[in-house]
Every structure is written in C-alpha cells, then in structure tokens.
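Okay, structure first, notes after.
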Amino acid sequence: MIQKQVNQKAWFMVLPVFLLVAFSAIIPLMTVVNYAFQDTFGNNVFFWVGMDWFRDIIHSERFHDAFFRQISFSAIILAIEIPLGIAIALAMPKKGWGVPVCLITMALPLLIPWNVVGTIWQIFGRVDIGLLGYSLASMGFDYNYTQDPVAAWITIIIMDVWHWTSLVVLLSYAGLSSIPDAYYQAAKIDGASKIAVFRYIQLPKMQRVLLIAVLLRFMDSFMIYTEPFVITGGGPGNSTTFMSIDLVKMAIGQFDLGPAAAMSLLYFLVILLLSYVFYTVMSNIGEESSNGGA
C-alpha cells in the first residue's frame, strides 16, 4: 500500500494568520488578565492582588444591576426578533421578481453602521425634530426617551428590532428555500393544514439556521454597546446602562483598570457559558424532534 505524503509546507501559508490572531487577540487578552490579578499606582509598577478584583465585582450591586438589564434586554430581543423573523420569512415570495426585491430590502438595515443606526434613532425619537417623537407627542403620549426609562427601553428595543430582525429573516428564508418541493406535495396530498406544514416540515428543516440565528442574536444583543450609548448614553440615570456600557465607564471614565479587567473576563465567560447552554439546549431539541419524526 502506497502511503500518501502530507505536504507540511501548507503551514507556512497559515502562519501569518496565526501571527495576526496572536497580535490582535491573544496579546491584548493577556494584558487584560495581567490587570485583572494585579494593581498599579502608575510608573508601570504592579503588585499582586489575587482574586480581590473578581470578588469585588461579583459582590457588587452595580454589576448585578447591569447584568440583569443585559439579560433582560437579550431575552426581550430574542422573544421578538426570532418569531417575527420567521413570520416575515414565511410571508416572503418563493419565486418571481419579488424575491430579489424582498431580499435586498431585508439586507438594507444590516448594511448601516452601528453608530449611524444610533444617530438615526436618536434624531428619530426626539420630540422637537424627530418624526417618531413629534408624532407621539402630537397624539398626546408623554414620550421622552431622555427622561423616561420606559421610553428609553422602548426606543432601544424598537431600534434593535428594526436593525437586526432582517438577519433572522434572511437565515430563516435560506432554511425555507432548502426544503424540497416533494415535502409540500406530499403534505398537499395528505391534506395537511398550513399549521401542520409549518410544525412538521418547515420548522424542523429550519432548526439549524434558527440555532445560528439565536446564537448570533444572543451574542450580539448581549454585547450591544454603540447604539444605546449613542441614543441614551446609558440613561436616564442608569436605566439603560448595560454591562458593556458599564464596563467602558469603569475602564475609561473612572480609569479603574483592575476591576474593569476582572469584569471584562467575567463578561466574556458569561457569554461563552450562555452561548454553550443555548447551543446544547437547541441541539438536543433538534435531535429529539428528529427522533420523534423518525
């Protein structure tokens, strides 16, 4: 038997990528870890503090409040955008000239930079010159996102739904487009209703893309910073101060590098843990439905 030789020269093509990742990710991460376990009074002189910063952050009421606001925002976003994205994808045409029109329309919000989205909705929600704020004020609603925490939350949620539901729509539409026509023909012969077709054909075939959609939307909503910071700056008060905003305030505003480094590592671990939980739960649900269908 002739043994196939492996060309190891290919690693030299990958080496620049590894070096770039090491420079842009690993080295800054090590710097954060260094600050998380040490303290300094300047002049680049450090002394060891161990787990003190982590204990302070974990027992901090400020951290608990920011985490609760962050997890609440992500839960609301997922509860709105996932069902809404699926519904829009189901309503989109499958053939004809309407397909490219709908796809381009859905993709447009995703092309707008995050800071521009925040600026658009900051102006859009203003009572004096914004269309949304002025219209609501004209109808008698007491709407002011700069003073009312509820109005600030509603504005940020609507903004995020407008900006990112398109991602769920495009992923769901891709999953629907991959379903062979034979499934629909068999369902038509059996006299299945639209609800039955969605439950037993469309939803199971969309589970993989929905898993990607949920993970992407969770991670992005849990790390959201630019849009709420541009719109409200974390206010009024601390009502929209999510973990990302609180972290920046701690690191840059207060220059508490040690606690900020510890909080960033905890932030990172929470995202990894929750993403793993989402992936595991949805994967198990997909396997159970597939076994049940079989």
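Between P83, G118, L132, the Cα set farthest toward the positive side of the dipole of the stretch 56-285 (charges on each charged residue's Cβ, about the Cα centre) is that of P83.
Once the chain from R199 to F68 is taken as fully extended at 0.36 nm per residue, the excess over their C-alpha distance is 43.8 nm. Across the stretch 256-262, computed HN-Hα scalar couplings (Karplus, 6.51 cos²θ - 1.76 cosθ + 1.60, θ = phi - 60°) run 8, 5, x, x, 5, 5, 5 Hz from first to last residue, x flagging Gly and Pro. Taking 0.36 nm per residue of sequence separation and removing the Cα-Cα distance, the A79/V116 pair yields an extension gain of 10.8 nm. Judged by the ratio a/c of the largest to the smallest principal axis of the C-alpha gyration tensor, the stretch 182-294 counts as prolate, that ratio being 1.5 or greater while a/b is larger than b/c. Looking at the chain as a GNM with Cα springs under 10 Å, which of E227, E81, E61 has the largest mean-square fluctuation? Result for the chain, Cα springs under 10 Å: E61 fluctuates most. Between Q185 and E61, full extension at 0.36 nm per residue minus the direct alpha carbon distance yields a gain of 38.9 nm. Near the amide H of Q38, within less than 5 Å, lie the amide hydrogens of V49, all on another chain or at least 5 residues away, with H placed in the peptide plane. In the chain, the convex hull through the Cα atoms has an average projected area of 25.7 nm², a quarter of its surface area. When the residues H59, H163, H64 are ordered by accessible surface, computed with a 1.4 Å probe over the protein chains alone, the sequence from largest down reads H59, H64, H163.
Near A36, within a Cβ-to-Cβ distance under 14 Å, what is the net charge of the other residues, with Lys and Arg +1 and Asp and Glu -1? So the surrounding residues net to -3.
Could you identify which residue out of I104, I120, I245 has the top mean-square fluctuation in a GNM of the chain using Cα springs shorter than 10 Å? So, out of I104, I120, I245, the one fluctuating most is I104. With r defined as the distance between the Cβ atoms of W162 and I252 and R0 fixed at 35 Å, what FRET efficiency is calculated, to the nearest 0.05? It comes to 0.75. By the Cα gyration tensor, the stretch 116-240 has an equivalent ellipsoid whose semi-axes, rounded to whole angstrom, run 40, 17, 11 from largest to smallest. Its Cα centre serving as origin, the chain has a Cβ charge dipole (Lys and Arg +1, Asp and Glu -1) of approximately 1180 debye.
Spatially close Lys pairs in the chain, defined by Cα atoms under 22 Å apart and a spacing of eight or more places or different chains, total 8. With the simple spin-label model, which puts each label point 7 Å out from Cα in the Cβ direction, the V150 to F23 separation comes to 5.3 nm. Largest to smallest in accessible area, the residues Y173, Y183 fall in the order Y183, Y173 (1.4 Å probe, all protein chains included). Spatial offset of the stretch 25-83 relative to the stretch 209-275 amounts to 9 Å, using the alpha carbon center of each. Computed over the chain with a Gaussian network model linking Cα atoms closer than 10 Å, the most mobile of A182, A251, A66 is A182.
Sequentially through the stretch 173-187, phi angles give Karplus couplings (6.51, -1.76, 1.60; θ = phi - 60°) of 5, 4, x, 5, 5, 7, 7, x, 5, 4, 5, 5, 5, 5, 5 Hz, Gly and Pro residues having no value and appearing as x.
The values are calculated or read from the model by the stated rules, or taken from the named source; none is laboratory data. What you see is a predicted model, and the numbers here were worked out from it, not measured in a lab. Because the Cβ atoms are built from the backbone with ideal geometry, glycine has one as well, and the counts that use them run over all protein chains shown. Quick note on the areas: whole protein, heavy atoms, side chains included, nothing else; ligands and nucleic acids left out. Shrake-Rupley method; radii C 1.70, N 1.55, O 1.52, S 1.80 Å.
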